[in-house]
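Encoded as structure tokens, the structure appears first; notes follow it.
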Amino acid sequence: MKNHLQSSEWGLNLSNQLIIAGPCSAESAEQIEKVCLAMKEENVLPSLFRAGIWKPRTRPGSFEGIGEEGLKWMEIVRHHLNIPITTEVGNAAHVEMALKHKVDVLWIGARTTVNPFAVQEISEALRGTDIPVMVKNPMNPDLQLWIGALERLHAVGIDKLAAIHRGFSDAYDKRFRNKPNWSMPIHLKREWKGMQVINDPSHIVGKRDGILETSQRALNFGLDGLMIETHHDPDKAWSDAQQQVTPAQLKQILQQLDFKTPLEEVQPSEKLHDLRAAVDHLDDQLLDILAERFAVIEQIGAHKRENHLSVFQSERWKQVMESRTQKGISKNLGEKFMKELLFTIHEESVKRQEKQLREPVKIVK
Ligand SMILES: O=C(O)C(=O)C[C@]1(C(=O)O)C=C[C@@H](O)C=C1
């Protein structure tokens, strides 16, 4: 995949594990100062200070962000905390203002990532700069759209890139404000090697309770940091009041978390080495058995061709699905996993047999 620079190479004195904190929205100079002073008092210094200046709201009428004026207050953060500042941009005008006021890092929000026109406009406005940009996942769980946004930025020369997992809109699952999809950041990291993915538990959970648990899950999965909305007086916040925590709560959360070390950074122990060798051996056997199964499937395919039988046999397949799923469950394999595995195997069987039916008849002379 394309080369990009990780946060330790952004020239901002950051490590590759980021803690981003600050209010959902910048509301006033006093509010920014109070958040900073409370962070100082609690001795909780994030890697980056976040504050929303322009807020994309679902319906007009609620607070839509303070606008350019708020960017001037970022000097207060520099004065008290001396840490880099990040804000969300949604169009070229935002980019221009953020650059003018020397914001250190930008992020693109989920509602913008869904729209390639908007991401392209932002990218064009960034051409020739080298500001780091973080891209939140799109509203819908579309990995290609997420990668596409990162690619648009990369194509104009932005190589200081990171991603943020903030969960996905789900009309049915009300447990979350935005449901996490832990496979998605892992797929992203697989497709774009070295891409850091920061987790945003505030937007996933949507309320204070549960931020700790979701943050821990993100770290367990190997995500590269957290963005946690922090306000000196969350109940009075002008936006997202329920999900913001105080600097004291942020400190508690960070103290309770078990931060993980990426295995790539340490030498695997002898025990892990042996266990991995056992996995290698089992995977070999698994593949031999799968190859053997498909060889038998092809014999059935040849029989179906000779006897003019259709490939898909619903009764037999139902029986295979049900019996194997039950057996899998009794061996402590999850039902969802069993069904997905069997569907994949069946799809391959059906494709192979259908291909056999299409092969030209061999004329024996
Ligand atoms: O039993 C068959 O007819 C097969 O071809 C095997 C098989 C399978 O993979 O188990 C594949 C296709 C059918 O729909 C049902 C089952």
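Every read-out reported here was derived from the displayed coordinates using simple, explicitly stated rules and does not represent laboratory data. For clarity, every value in this text was computed on a predicted model and none was experimentally measured. Cβ sites come from the backbone with ideal geometry, for glycine too, and all protein chains shown count toward neighbours.
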So between PHE312 and LYS179, what do we pick up on full extension, going 0.36 nm a residue minus the alpha carbon distance?
-> 44.3 nm
Please report how far the C-alpha centroid of the stretch 178-215 lies from that of the stretch 243-319, rounded to the nearest whole angstrom.
-> 21
Could you tell me which of GLN353, LEU212, PRO262 has its Cα farthest along the dipole of the chain towards the positive end, charges placed at Cβ (Lys, Arg +1; Asp, Glu -1), taken about the Cα centre?
-> GLN353
For the stretch 84-130 and the stretch 35-76, what is the separation of their Cα centres, given in Å?
-> 16
Dipole moment magnitude, nearest 20 debye, the stretch 145-243 about Cα centre, only Lys, Arg, Asp, Glu C-beta charged = 220
State whether the chain is rounded, prolate or oblate according to the following rule on the C-alpha gyration tensor (a ≥ b ≥ c being the square roots of its eigenvalues): a/c under 1.5 gives rounded; otherwise a/b larger than b/c gives prolate, and the remaining case gives oblate.
-> prolate
Cut-off under 5 Å, modelled amide H: who pairs with MET227 long-range | ILE20, ASN199, ASP200
Under-5 Å amide H pairs with VAL135, H placed in peptide plane, nonlocal only | ILE108, ALA162, ALA163, ILE164
Looks like the stretch 270-358, by Cα gyration tensor root eigenvalues a ≥ b ≥ c and the a/c under 1.5 rounded cutoff (else prolate when a/b is bigger than b/c, oblate otherwise), is oblate
Could you pull out every one of the lysines with an alpha carbon less than 21 Å from that of LYS160, ignoring same-chain neighbours closer than 8 positions?
-> LYS2, LYS100, LYS102, LYS136, LYS189, LYS193
Quote to one decimal, in nm, the extra length available between GLU213 and LEU257 on full extension: 0.36 nm per residue of separation minus the C-alpha distance between them.
-> 15.0 nm
Evaluate E = 1/(1 + (r/R0)^6) for GLU42 and VAL361, where r is the Cβ-Cβ distance and R0 equals 56 Å; express this FRET efficiency to the nearest 0.05.
-> 0.10
On full extension of the chain, what length is gained from LYS331 through VAL296, given 0.36 nm per residue of separation minus the C-alpha to C-alpha distance?
-> 10.1 nm
Residue-wise, which Karplus ³J(HN,Hα) couplings in Hz belong to the stretch 331-347, taking 6.51 cos²θ - 1.76 cosθ + 1.60, θ = phi - 60°, and x for glycine or proline?
-> 9, 6, 9, x, 5, 4, 4, 4, 5, 5, 4, 5, 4, 4, 5, 5, 4
Among ASN13, PRO234, GLN319, flag the residue with its Cα farthest along the positive direction of the charge dipole of the chain, charges on Cβ as +1 for Lys/Arg and -1 for Asp/Glu.
-> GLN319
Per the C-alpha gyration tensor (a ≥ b ≥ c, the square roots of its eigenvalues), the stretch 57-182 is rounded if a/c is under 1.5, else prolate if a/b beats b/c, else oblate; here it's oblate
Spin-label zone in the stretch 179-209 - amide nitrogen under 18 Å from a point set 7 Å from the Cα of ASP235 along the C-beta vector = 207-209
What relative contact order, as a whole-number percentage, does the chain give when Cα pairs under 8 Å and 6 or more residues apart are counted?
-> 14
Kindly provide the chymotrypsin sites (Phe, Trp or Tyr not before Pro) of the stretch 154-189 that DSSP labels as loop, not H, G, I, E or B, and whose Cβ sees at most 12 other Cβ atoms within 10 Å.
-> TYR172
Check: the chain dipole with +1 on Lys, Arg Cβ and -1 on Asp, Glu Cβ, in debye = 1140
Restricted to pairs 8 or more residues apart or on different chains, the lysines in the stretch 270-358 with C-alpha atoms under 27 Å apart form a number of pairs equal to 18
